[in-house]
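The values are calculated or read from the model by the stated rules, or taken from the named source; none is laboratory data. The shown structure was predicted, so the numbers you read here are calculated from the model rather than taken from an experiment. Neighbour counts run over all protein chains shown; Cβ positions are idealised from the backbone, glycine included. SASA here: full protein model, heavy atoms, side chains in, ligands and nucleic acids out. Shrake-Rupley method; radii C 1.70, N 1.55, O 1.52, S 1.80 Å.
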Amino acid sequence: MSKGCGKLDEAGAAEIRYNKMYPAKLNNIIKLFESLPEDERRETLVSYADNAKKQEPREGENFSLVDVRKDEECMDTVGVYLQVDENGKAHIRMTLGPEVQTLTRAMTAVLCKGLEGCTPQEILDLPSDFVTRIVGAELVRIRSQTIYYVLTRIKSICKVYLDRQRMARVA
């Protein structure tokens, strides 16, 4: 039976050994998925996908950068919204069109939760090898474009943000 993502995150946090390669929140999610048998892993991915709507912008939020577009490798429009607070911490929101696949929705929820409070540079420097640890090798092989799409979009908006910050300092 599927649990809510919040409870799943807590369950994964019970046995966490912090890995400095990944932000703590993302590391908790990785460890949770690694602890699950394949059928439960897929069920958990569906649970995260069902919660992707919770990652949409909220009324009254303002963003440092907004990137809404439909790319060739995605079934529908995807919006990435980046807010960098006064402490330099990133807060990511995303919108997904109705045709976006379940796995993309799942990765949206995972990444928005797992990268919350990181700096844009930490997100940009994040290795992508954790994706296989979350979705499993089989789904990566079948859906490789889909799985890395959201991470690529998030890194892209962080790069634009950092480039603009560098240019502002030079000007």
TODO: Return the only residue of Asp67, Asp85 being within 24 Å of Pro23 (Cα to Cα) and surrounded by fewer than 13 Cβ atoms within 10 Å (Cβ to Cβ).
DONE: Asp85
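Grab the helices (runs of 4 or more DSSP H) fully contained in segment 98-171, keeping just those with 3 or more residues being crowded, with 16+ Cβ neighbours inside 10 Å. Step through it out loud before you land on a result.
Numbers: elements: 102-114, 120-125, 130-135, 137-142, 144-170.
Filter on segment 98-171 gives 102-114, 120-125, 130-135, 144-170.
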Open item on the list: Restricting to segment 24-64, and then to whatever is more than 15 Å from the chain's Cα centre (by Cα) and farther than 24 Å from Thr132 by Cα, can you tell me which residue is most open to solvent (accessible area, probe 1.4 Å)?
Closed with: Glu59
Task: First in segment 80-99 and under 15 Å from Pro57 (Cβ atoms) and among the hydroxyl-bearing types (Ser, Thr, Tyr), second anywhere and in a strand (DSSP E or B) and open to solvent by less than 10 Å² (accessible area, probe 1.4 Å), Cβ under 6 Å, 6 or more apart - done: Thr95/Gly79
